[in-house]
């Protein structure tokens, strides 16, 4: 916690930290992808000094003005960046997740604001790369034991009883690592709730998460065939 307080001590330092995360290899225009830009002067005060965090693309055909939050879930935010970074730090440090009520208490904001912040931060930390190489896929059901009702038939298990079960069908996707030596990084893993175990529902998830050139490994379930 002490390191977090020091790292997010002021708005200028938080802006530079966020710029380092968004632009690890230097500033890039979010409109055209040009890698050269200039810092703009502050026109509100009438003084020719650089306005912190505002840049303009050096491409003559673009000249787009942007900040580190442009085209991100934090675009046009009215909250200080130090509040956003504290919320991100708290969410990443929590093993079991962090509710919007608890996040609001820690940050000193309202619960609806904390709820919107949580969704925006989850979008920021989501991985953008799709799975490639050899990818293993399979279905499973997730959830607790269904409620027992005296007039209902007993819930089924597995595929034969999928119509009666109250658990949510989920598709899991795991990318095999290229290096299988002990201590090497494991492959990425994804999971998505599907509307059913049909081929169409599986296809929607696969197209959004897996490259078309990937090699799929699965069982003989008809939706995968």
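The values are calculated or read from the model by the stated rules, or taken from the named source; none is laboratory data. Not measured: the values here are computed from a predicted model. Methodologically, a virtual Cβ is constructed for each residue, glycine included, from the backbone with ideal geometry; neighbour enumeration extends over all protein chains shown.
Here are a few things to note about the model shown:
- When 103, 121 are screened for being at pLDDT below 90, touching a helix residue (DSSP H, G or I) at 6+ places or on another chain (Cβ under 9 Å) and not in a strand (DSSP E or B), only 121 passes.
- Residue within segment 119-132 that is under 25 Å from residue 1 (Cβ atoms), without any contact (Cβ under 8 Å) to a residue 40 or more places away in the chain, surrounded by 14 or more Cβ atoms within 10 Å (Cβ to Cβ) and not assigned by TED's automatic domain parsing to the domain that holds residue 168 present: no
- For the residues 86, 78, 35, the requirement of being assigned to a loop (DSSP other than H, G, I, E, B) and either in contact with a strand residue (DSSP E or B) (Cβ under 8 Å, 6 or more places away or on another chain) or closer than 21 Å to residue 124 by Cα (or both) singles out 78.
- Matching option when the condition is part of a loop (DSSP other than H, G, I, E, B), closer than 16 Å to residue 125 by Cβ and out of contact with any helix residue (DSSP H, G or I) (no Cβ under 8 Å at 6 or more places or on another chain), among 24, 73, 30: 24
- Test: residue in segment 186-194 that is modelled with pLDDT of 85 or more and in the same structural domain as residue 21 (by TED's automatic domain parsing): no
- One residue stands out in segment 89-98 among those that are in contact with a helix residue (DSSP H, G or I) (Cβ under 7 Å, 6 or more places away or on another chain) and part of a helix (DSSP H, G or I): the one that is farthest from residue 9 (Cα to Cα), namely 91.
- In segment 167-221, residue surrounded by the fewest Cβ atoms within 10 Å (Cβ to Cβ) [restricted to those that are assigned to a loop (DSSP other than H, G, I, E, B) and touching a helix residue (DSSP H, G or I) at 6+ places or on another chain (Cβ under 7 Å)]: 195
- Qualifying residue in segment 159-166 (condition: assigned by TED's automatic domain parsing to the domain that holds residue 209, under 15 Å from residue 218 (Cβ atoms), modelled with pLDDT under 85 and out of contact with any helix residue (DSSP H, G or I) (no Cβ under 8 Å at 6 or more places or on another chain)): yes
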